[in-house]
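The structure appears below as structure tokens.
The values are calculated or read from the model by the stated rules, or taken from the named source; none is laboratory data. Just so it is clear, the structure is predicted and the values come from calculations on it, not from any experiment. Positions of Cβ are backbone-derived with ideal geometry, glycine not excepted, and every protein chain shown enters the neighbour counts.
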Amino acid sequence: MLSLAFGLADPALFPREELAAATAAVMADDAPAALNYGPSFAGLTDQVLGRLRAQGVEAEPENILVGYGSSQILALLPEVFVDRGDTVIIEGPSFMGAVRRFAMSGANLVTVPTDGEGMDVDALEVTLRELAARGVRPKFIYTIPTFHNPSGVTMPLARRQRLVALAAEHQVLVVEDDAYGELRFRGDDLPTLAALDAEGWVMRVCTYSKILAPGVRMGWAYARPEIIERLNMFKHEGGSGPFLTRVIARYAAEGRLDAHIAQLRDHYRQKCDLMLDAIGREFPAEVQAGRPDGGFFVWCRLPQGMRATALAERAKDEGVAFLPGVNCYANGQGEDAIRLAFSFQSAEKIQDGIARIGRAMRNM
């Protein structure tokens, strides 16, 4: 089965030699501290602080939590914030890996729709006012404003500013999931929600999985100190390891990580453009394919009357898989869309996979 379903990183871009050299350097220079019991390496936190400050966020060490990937940190959120029956606002569609964790905690999920510019903040304002009228204060708003998963869209500046203002007005935490933010291959950078927040209502969650390698399982969060303190209380294993945090910090130093990110941007831009060209050739003209400015995914709206789950079954007969849109909603929507990942497969397999899905569409 040729899979375009999941956002796996391209192994051809893993910096094997550089990571091996960083590991050897840690072993040569700092093995006693790296291999013994101990906290996360403070030098990695310093690097995170440097990246935040370069993006306009004034942060100190007490604002940072280092964890085992952003997934671990997102999974801590319901443990800290949510009692059964509490309300959490999410986007539709969204990253269901996180949303399922919220649901498992017993949260009442309220879906706010998205459009070509991300979360619909008009709909969010209506939702917040309706909840307030019922005496309900949501525990947090979960959003992916930059290179959204699954839709690939990016929230413009004016909408970001309004979202942050609404959060402050209603005193609701915004969780900014920014897994793909550094993988921009078109257009200009936009301020993060955290950079626009002057009152401490934004928590930002990032990961090294997309900009270095998923297997290192390292991510971090920025938030008010009291939130970081509570998250640390529920991170029962303590720090994220003195060894691996030192290796990542050693690799990322002296501009090596930034140079690697520049390579990733160029590489993923080429693969995205290749997929979009193939979609233009192989899919019916009625299919509406988004054109992301970064990230891993292309979101396609299907022709009227074509169901994503039915298309997925036909595509299996062609030996290709993708993610039906219904798998990206908490409220049962999404039969009109599919998510295609261009990040992992080779150029040849991307074109082959799109051709197979196109055949399945025509057969329907």
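Here are the numbers for this structure:
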read-out	value
Residue within the stretch 31-40 that is crowded, with 16+ Cβ neighbours inside 10 Å and under 25 Å from the mean Cα position of the chain (by Cα) present	yes
Count of the stretch 239-273 residues which are among the aliphatic types (A, V, I, L, M), surrounded by fewer than 18 Cβ atoms within 10 Å (Cβ to Cβ) and under 30 Å from residue 5 (Cα atoms)	3
In the stretch 274-312, the residues that are surrounded by 13 or more Cβ atoms within 10 Å (Cβ to Cβ) and either among the hydroxyl-bearing types (Ser, Thr, Tyr) or part of a helix (DSSP H, G or I) (or both)	274, 275, 276, 277, 278, 279, 282, 308, 309, 310, 311, 312
Of all residues making up the stretch 8-28, the number that are exposed (fewer than 12 other Cβ atoms within 10 Å of the Cβ) and over 29 Å from residue 341 (Cα atoms)	1
Yes/no for residue 127 being at pLDDT 95 or above, in a helix (DSSP H, G or I), more than 19 Å from residue 206 (Cα to Cα) and of a type in the set (Val, Ile, Thr)	yes
Residues located in the stretch 216-258, provided they are in contact with a Phe, Trp or Tyr (Cβ under 9 Å, 6 or more places away or on another chain) and free of Cβ contacts under 8 Å to residues at least 24 places away in the same chain	237
Test: residue in the stretch 97-107 that is at pLDDT 95 or above, closer than 24 Å to residue 234 by Cα and in contact with a Phe, Trp or Tyr (Cβ under 6 Å, 6 or more places away or on another chain)	no
Leading residue by the ranking (surrounded by the most Cβ atoms within 10 Å (Cβ to Cβ)) among those in the stretch 90-109 that are without any contact (Cβ under 8 Å) to a residue 60 or more places away in the chain and of a type in the set (A, V, I, L, M)	107
Scan of the stretch 22-47 for residues that are of a type in the set (A, V, I, L, M, F, W, C) and free of Cβ contacts under 8 Å to residues at least 40 places away in the same chain, ordered by number	24, 27, 28, 31, 42
Count of residues meeting criterion [under 16 Å from residue 225 (Cα atoms), of a type in the set (D, E, K, R) and modelled with pLDDT of 95 or more] in the stretch 47-62	2
Hits in the stretch 118-137 (condition: charged (D, E, K, R) and surrounded by fewer than 16 Cβ atoms within 10 Å (Cβ to Cβ))	122, 129, 130, 134, 137
